[in-house]
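Colleague: Handing you this structure, nothing more for now.
FYI, it's all coordinate maths here, none of it is from the lab. Computed from a predicted model, the values in this text were never measured in an experiment. No Cβ is skipped: glycine too gets one built from the backbone with ideal geometry, and neighbour counts run over all protein chains shown.
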Amino acid sequence: MKTVGHLINGQLVEHESCVQDVFNPATGEPSKQVSLATKSTVEEAISCAQAAYPAWRNTPPIKRARIMFRFKSLLEEHAERICKLVGEEHGKVRHDAAGELQRAIENVEFACGIPELLKGEHTKNVAEQIDSWSEFHPLGVVAGITPFNFPVMVPMWMFPLAIACGNTFILKPSERVPSATLYVANLLHEAGLPDGVLNVVNGDKETVDVLLSDKRIKAISFVGSTPIAQSIYTAACLHGKRCQALGGAKNHAVLMPDADIDNAVNQLLGAAFGSSGERCMALSVVVAVGDSVADSLVKKMCNEMQKLKVGAYDDNGNDFGPVISQAHKQKVLGYIDSAEADGATVVVDGRNVSVSGYEKGFFVGATLLDHVTTDMQSYQKEIFGPVMQVVRVQSMEDAITLIDNHEYGNGTCVFTRDGEAARYFSDNIEVGMVGINVPLPVPVAYHSFGGWKHSLFGDLHAYGPDGVKFYTKRKTITQRWPSSGVREGVSFSFPS
Ligand code: NAD
């Protein structure tokens, strides 16, 4: 069986005795193994990144940008291969992997503008013959730790921009989906990136612990589940590192009585079940305002859900694929069982789905639960599967209170035809990303992505303008060149 190794100093290496199986979720069988980096492998990667830093830091931003332009072309040229690797290990269908790749490329396009983004600020004559300016310096060696659900896009929220800013980078992808990430990192080298600037170490907690404690790592970007995000943020801060740690989610869509329900149903199908619900922006709860709205929604959803096709990644006619693992499948099924036991109505039941030719695959069918209440485990926890839950309330105020009381605050959306209500909702809701008749309000690459509450630990959101701030530190210089022979007198106070 093939073993996926690491990318250190521009070379593919594989020196671990410790490996872990990588599964194809459609077949339910292991298809590869991945090396788990030990302390010495991670330290070697950090040493290479540190050695590459001085030259890379001093490489003109326009030259760094040119590498990013070539990288973008290579990503487009090799799109088929990348989507296949994503499908084989993550399970998402080709069309969904292509969407992920497109969003990843948009982050490279943003990084191509780095000369403009790093221009800094300048003021002539802050006092007589004194000029002042701010420069944005890279931090040094920085690291990224990424989740399984976007093997290409989430790593590329991080490393293109961090590298364009002049940092060198250690990436620790999810050990469950290592191949596509390693493949795109290789393409960046093909685009002309010098050795050591981007290093990829595969691994698990042991690998991450080295990144957290090593003094040479100046900042950590993390994306994953909330308990791990919180512990990474705490440990990184304890070690004096800058950290942004994006966590889990439970995203609510509010369906107002005046909404175009047919349109909302179409939007909700994709937003709830696309990628098997394994998206941090998946809309997994619909808060229906009024019982008649809820009844109409459930009836229409039920009809449309009969048409959904779940299956393997390589058939583009499928709407979504399997979940990531057998253990995760059991977890998702467990939440459906618990909701039913707690009194929710299972309107559409995806628990016993079987896909012909893929009987051992980790498939869960689209599931619809009605009459869900906020005390249920299935409501409180992130399910991360193809399960939509309907909660009934009587007013927008009730919907806002319910959403604000949830632990997570990643994304939300309101479906309405009333501009005033939409404005009130977006103004008052305690959530970081809001859609108005837009179910998945994922910010484009030149804005920034991040939730509130337990969906993000740290001050700055991911990518876009916040990404530039995160991966740089400000230096402000104040300058005077006295005319020769002119000497200033002594002063013990600020000039007034
Ligand atoms: P995860 O937290 O299990 O793993 C994320 C990363 O952390 C992986 O690289 C993993 O190897 C590493 N890791 C796991 N356990 C660790 C530990 N004890 N110590 C140190 N590192 C550890 O998450 P996942 O299952 O891969 O991804 C799904 C989760 O990610 C969901 O909760 C989802 O909402 C979240 N997510 C959030 C966003 C966002 O932008 N907020 C985006 C994508 C995914």
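Quick grid of which residues meet (1) buried (at least 24 other Cβ atoms within 10 Å of the Cβ); (2) hydrophobic (A, V, I, L, M, F, W, C):
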position	(1), (2)
Val141	yes, yes
Val154	yes, yes
Met158	yes, yes
Asn167	yes, no
Pro173	yes, no
Leu182	no, yes
Glu190	no, no
Asp195	no, no
Val201	yes, yes
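Colleague: Can you tell me which of (1) away from the ligand (no atom under 16 Å from the Cβ); (2) within 19 Å of Pro160 (Cα to Cα); (3) buried (at least 20 other Cβ atoms within 10 Å of the Cβ) is the one Pro439 doesn't meet?
Modeller: (2)
Colleague: Whether any residue in the stretch 116-126 is in contact with a helix residue (DSSP H, G or I) (Cβ under 7 Å, 6 or more places away or on another chain), outside any loop (DSSP other than H, G, I, E, B) and surrounded by fewer than 24 Cβ atoms within 10 Å (Cβ to Cβ) is what I want to check. Let's see the steps before the verdict.
Modeller: Step one: list which residues in the stretch 116-126 are in contact with a helix residue (DSSP H, G or I) (Cβ under 7 Å, 6 or more places away or on another chain), which gives 117-118.
Next, from what is left, pick out any that are outside any loop (DSSP other than H, G, I, E, B): 117.
Of the ones still in play, those that are also surrounded by fewer than 24 Cβ atoms within 10 Å (Cβ to Cβ) are 117.
Scanning the stretch 116-126, I find at least one residue that is in contact with a helix residue (DSSP H, G or I) (Cβ under 7 Å, 6 or more places away or on another chain), outside any loop (DSSP other than H, G, I, E, B) and surrounded by fewer than 24 Cβ atoms within 10 Å (Cβ to Cβ), so the answer is yes.
Colleague: Out of the residues in the stretch 408-436 that are of a type outside the set (D, E, K, R) and surrounded by fewer than 15 Cβ atoms within 10 Å (Cβ to Cβ), state the one that is farthest from Ala462 (Cα to Cα).
Modeller: Going through the stretch 408-436, the residues of a type outside the set (D, E, K, R) turn out to be 408-416, 419, 421-422, 424-426, 428-429, 431-436.
Okay, now just the ones that are also surrounded by fewer than 15 Cβ atoms within 10 Å (Cβ to Cβ), so 419, 428.
Working: Gly419: 29, Asn428: 23 Å.
That would be Gly419.
Colleague: Moving on. Just checking, how many residues over the stretch 277-323 are more than 30 Å from the chain's Cα centre (by Cα), in a loop (DSSP other than H, G, I, E, B) and among the charged types (D, E, K, R)?
Modeller: 0
Colleague: Only one of these conditions is not met by Ala127: (1) within 16 Å of the ligand (Cβ to nearest atom); (2) touching a Pro at 6+ places or on another chain (Cβ under 9 Å). Which number is it?
Modeller: In the conditions (1) within 16 Å of the ligand (Cβ to nearest atom); (2) touching a Pro at 6+ places or on another chain (Cβ under 9 Å), Ala127 misses (1) alone.
Colleague: In addition: Within the stretch 239-247, identify whether any single residue is within 14 Å of the ligand (Cβ to nearest atom) and more than 21 Å from the chain's Cα centre (by Cα), and answer yes or no.
Modeller: yes
Colleague: Which of the residues spanning the stretch 132-146 are touching a Phe, Trp or Tyr at 6+ places or on another chain (Cβ under 9 Å) and either within 14 Å of the ligand (Cβ to nearest atom) or of a type in the set (D, E, K, R) (or both)?
Modeller: Ala143, Gly144, Ile145, Thr146
Colleague: From the residues in the stretch 260-298 that are surrounded by fewer than 23 Cβ atoms within 10 Å (Cβ to Cβ) and of a type in the set (Gly, Ala, Ser), which one is nearest to the ligand (Cβ to nearest atom)?
Modeller: Gly270
Colleague: Further question on the same structure: Please work out if Ile170 is within 14 Å of the ligand (Cβ to nearest atom) and part of a strand (DSSP E or B).
Modeller: Details: within 14 Å of the ligand (Cβ to nearest atom): yes; part of a strand (DSSP E or B): yes.
The answer is yes for Ile170.
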